[in-house]
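First the structure, which I've put down as structure tokens, then a few questions once you've had a look.
Each value in this text was obtained by applying a stated rule to the coordinates, not by laboratory testing. None of these values were measured; they are calculated from a predicted model. Cβ placement follows ideal geometry from the backbone for every residue including glycine, while neighbour counts extend to all protein chains displayed.
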Ligand code: SF4
Ligand code: SF4
């Protein structure tokens, strides 16, 4: 594993104790569980609720669970849920307007009441995605208090990824499969337990409560091999990190039209993407007309309202909307934040009903024209 | 200034959308204090000829009597808002538009007593409509939003994003991607709160088409899931068979 720290060994039988220690320290716990045909983060009562012996098969537009022989708990690639809803919920109450006693309007803001939350089973790509979210919501000149509160409530227990799906490409984006920073506790699953190390004081405090033994050299080797395998089995890679020179001047390229023939304009890609942060504000009215609640709601560059200027959508067609999504994610993000908006998690590929593949579509722009089709 | 007068009219429909008013619960009592409901037969107020600020119209134009009434209602209403699939796209009864009225003879013992037009059509095919609320049935929240906007003097906005957007916000797992079900979400307008997918069922499009959609790609997607042409057609021909966006199916199917 990583950067020279010496991991310890947590026997499988001690995992329940980890959960208990978290609860004793005041954390609510969530972890991956089988629900509605997918592996989702859910409130975690017991280690027995983890997806024991389950794996997944993902391809563009398809997600299926499978059984695996090994009986490990974390032998699957990310399902649809990321950290995004935990730090940037789909609906967040921001402020309220009330009719004052003097007939004027009074404004008040909502402060979310959030208990400390431990998330077990986070993957490297999602840690990287959260860092990108931080760069947006926690800019030094303008911090988002709702995001900040939720973000600070999280204790992140990552599990290194040993089972990337066919849609993953985190090796090429440099964001996985190993988690190197940004976590509190890090696990690497082996057949009869976990390598474990802490990167923060909060993580260290939990670590102190567990019965650990020093990790054998052969365990560390095994983990290293697994991570190498997970990095090299990935069947696809982004063509480049910064697409600005590639997309520049290609606004009317016929490739966009070809994508738009398949793209439904549904916006599932933006909803599952762990770095997409677009939102709109909605009011929740009351008929008595004496107050209204104002909510931040996930929006998408695929909705008409997203590009509304002077009452008209600037991007009317699916072609323009897809172009906005891809060019912002892979090029415009560099202008805004000095990095790519994509962390290679592959969710937009799996959860696109028609299996449009961001890696392949963007690669088409990177090859010389005569190479296309 | 008196309270704004509203009316609720029924045309050819099942009455389900009117129930969205009753389902407002406590808000209905508040509503009754904010507006004067002058005509709403199902609630006991009968004054169809009254002039109103806002007329809510449920149901399609399906009978000669429907045809006669709608013009007068339009003239006596400042704003006319259609509620539900029937009023907005012709409803389930518009299925007969495809096959003509031959079914009447085969289904009813005394068809001569049944007076229907050859086509079931949406209100907008006959008079100007100011706002359309899609749904089968519409929800109480849709009414709440529209009425409270109007009472504040704001132009009401109606949802125009895909069902997938609200499905994903609800945290439901996509039935199409995870189970290969022919979900209509990607071509359907949000508004129902994704009730079906939240219970593991594929959307059947009861809130109607979203304004920008790709019917032919949806058709190819369903074919890829193994649906036969007839089965694909049935997906689009349920609640909103007559809506122009779903009718494009013929072109998509080639
Ligand atoms: S663009 Fe796609 S692959 Fe990249 S982070 Fe977003 S969902 Fe994951
Ligand atoms: S790329 Fe796929 S998920 Fe995204 S809007 Fe198009 S069809 Fe929907």
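Kirkwood hydrodynamic radius, the protein assembly as shown, all distinct C-alpha pairs: what's the number in Å?
Hydrodynamic radius (Kirkwood, Cα pairs) of the protein assembly as shown is 27.1 Å.
Considering the zone a paramagnetic label at residue B:78 would reach in this model (a point 7 Å from Cα along the Cα-to-Cβ line), which residues of segment B:155-171 have amide N under 16 Å from it?
Of the residues in segment B:155-171, B:155-156 have backbone N under 16 Å from the label point off residue B:78.
What percent antiparallel are the DSSP beta bridges of segment B:5-151, to the nearest 5?
The antiparallel proportion sits near 15 percent.
Still on this structure: Taking other Cβ within 10 Å of each residue's Cβ, how do A:351, A:95 sort, fewest first?
Least to most surrounded, the residues fall as A:95, A:351.
Which value in Å does the Kirkwood hydrodynamic radius of segment B:5-151 take, with 1/r averaged over all unlike C-alpha pairs and then inverted?
By the Kirkwood definition, the hydrodynamic radius is 15.7 Å.
Then there's this: Would you mind getting me the FRET efficiency between residue A:335 and residue B:157? Use the beta-carbon distance for r and R0 = 25 Å, nearest 0.05.
The value I calculate is 0.20.
Return one number: the angle in degrees, 0 to 90 and rounded to the nearest 10, between the long axis of the Cα atoms of helix B:64-75 and the longest principal axis of the Cα atoms of chain B.
60
Now for a different question. What spacing in nm lies between the two simple spin-label points modelled at residue A:24 and residue A:360, each 7 Å away from Cα in the Cβ direction?
In this crude spin-label approximation the distance works out to 5.2 nm.
Can you tell me the length gained on complete extension of the stretch residue B:125 to residue B:51, counting 0.36 nm per residue apart and subtracting the Cα distance?
24.4 nm
Let me confirm one metric for peptide B:144-154, namely the mean number of other chain beta-carbon atoms within 10 Å of its residues' beta-carbons.
3
With a ≥ b ≥ c taken as the square roots of the eigenvalues of the C-alpha gyration tensor of chain A, please select rounded if a/c is under 1.5 and otherwise prolate if a/b is larger than b/c or oblate if it is not?
Oblate is the answer for chain A, as a/c is 1.5 or above yet b/c matches or exceeds a/b.
A follow-up question, please. Starting from one equal scatterer on each C-alpha and no solvent at all, send me the Debye-based log10 I(q)/I(0) for segment A:225-373 at q = 0.13, 0.15 Å⁻¹, two decimals.
Treating every Cα as an identical point scatterer, log10 I(q)/I(0) equals -0.67, -0.85.
Next up: Could you order peptides A:182-191, A:317-326 by the average number of other Cβ atoms within 10 Å of their residues, highest first?
A:182-191, A:317-326
State the antiparallel share, in %, of DSSP beta bridges confined to chain B, rounding to the nearest 5.
20
Please compute, for peptide B:209-215, the average count of beta-carbon atoms on other protein chains lying within 10 Å of each residue's beta-carbon.
5
What ranking do A:36, B:65 get, fewest neighbouring Cβ atoms within 10 angstrom at the top?
Going from least to most buried by this count: B:65, A:36.
Between residue A:66 and residue A:250, what length in nm is gained on full extension when 0.36 nm per residue of separation is reduced by their alpha carbon distance?
Extra length from residue A:66 to residue A:250 when fully extended: 62.1 nm.
For helix B:140-151, report the angle its Cα long axis makes with the longest principal axis of the Cα atoms of chain B; keep it between 0 and 90° and round to the nearest 10°.
Compared with the principal axis, the helix lies near 50 degrees.
On to the next question. I need the calculated FRET efficiency for the pair residue B:19 and residue A:221, taking r as the beta carbon distance and R₀ as 51 Å, to the nearest 0.05.
The value I calculate is 0.15.
To the nearest whole number, what is the average tally of beta carbon atoms from other chains within 10 Å of the beta carbons of peptide A:294-307?
3
Have a look at the DSSP beta bridges in the protein assembly as shown and tell me what percent are antiparallel, nearest 5.
The answer is about 65 percent antiparallel.
Just order A:250-259, B:36-45 by mean Cβ neighbour count inside 10 Å, highest at the front, would you?
In decreasing order of mean packing, A:250-259, B:36-45 become B:36-45, A:250-259.
Compare the peptides A:273-281, A:156-164, B:239-247, B:80-88 by average per-residue count of other Cβ atoms within 10 angstrom and give them in order, highest first.
Descending packing order for the listed peptides: B:80-88, A:156-164, B:239-247, A:273-281.
Now for a different question. Starting from the Cα of residue A:110, move 7 Å in the Cα-to-Cβ direction to define the label point; list residues of segment A:134-176 whose amide nitrogen is under 13 Å from there.
It comes to A:146-147, nothing else.
Could you check which residue among A:309, A:18, A:40 shows the biggest mean-square fluctuation in a GNM of chain A with a 10 Å Cα cutoff?
With Cα springs under 10 Å in chain A, the top fluctuation among A:309, A:18, A:40 is at A:309.
If you don't mind, another one. Neighbour counts of other C-beta atoms within 10 Å: give me B:201, A:132 arranged from fewest to most.
If I rank by nearby Cβ atoms, fewest first, I get B:201, A:132.
Return the calculated 222 nm mean residue ellipticity for chain B, to the nearest 500 deg cm²/dmol, obtained by summing -39500 (n - 2.57) across DSSP H runs with n ≥ 4 and dividing by the residue count.
Only helices count here, giving -10000 deg cm²/dmol.
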